[in-house]
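Values in this text are rule-based calculations from the coordinates and carry no lab data. This structure is a prediction, so every number in the text was calculated from the model and none was measured. No Cβ is skipped: glycine too gets one built from the backbone with ideal geometry, and neighbour counts run over all protein chains shown.
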Amino acid sequence: MVQAKLSIDQAQAIALKARPGKITDKELEKEKGGSGLRYSFDVKAHGTVYEVGVDAMTGSVLENKKEGSHPD
């Protein structure tokens, strides 16, 4: 199993810098794009929930968009 190089706290700080707000959900998941391992955060800002994905190996922001109407 591939281990994340960033801690969830480090990734959370990156996510909040990219999308300031309140984190309502977080998880480490395997997903296409970047290194294939990412932290996914739901960030509530101004009444809207955004999904922010941070690469668990590099710290790059892979996703920063409004959460869809059918969140997974």
Helix 8-18: angle to the longest alpha-carbon principal axis of the chain, degrees 0 to 90, nearest 10?
50 degrees
Given a Förster distance of 22 Å, the FRET efficiency implied by the Cβ-Cβ spacing of residue 9 and residue 46, rounded to the nearest 0.05, works out to 0.35
When only alpha-carbon atoms count, how far does the chain stretch along each of its three principal axes, as whole angstroms with the largest first?
36, 24, 15
Given charges at beta-carbon only (K, R positive; D, E negative), |dipole| of region 31-72 in Debye
100 debye
Determine the gain in length on full extension of the stretch residue 29-residue 57; use 0.36 nm per residue of separation and subtract their C-alpha separation, reporting nm with one decimal.
8.9 nm
Explain nothing, just the number: dipole magnitude of the chain about its Cα centre with +1 on each Lys and Arg Cβ and -1 on each Asp and Glu Cβ, in debye rounded to the nearest 20.
220 debye
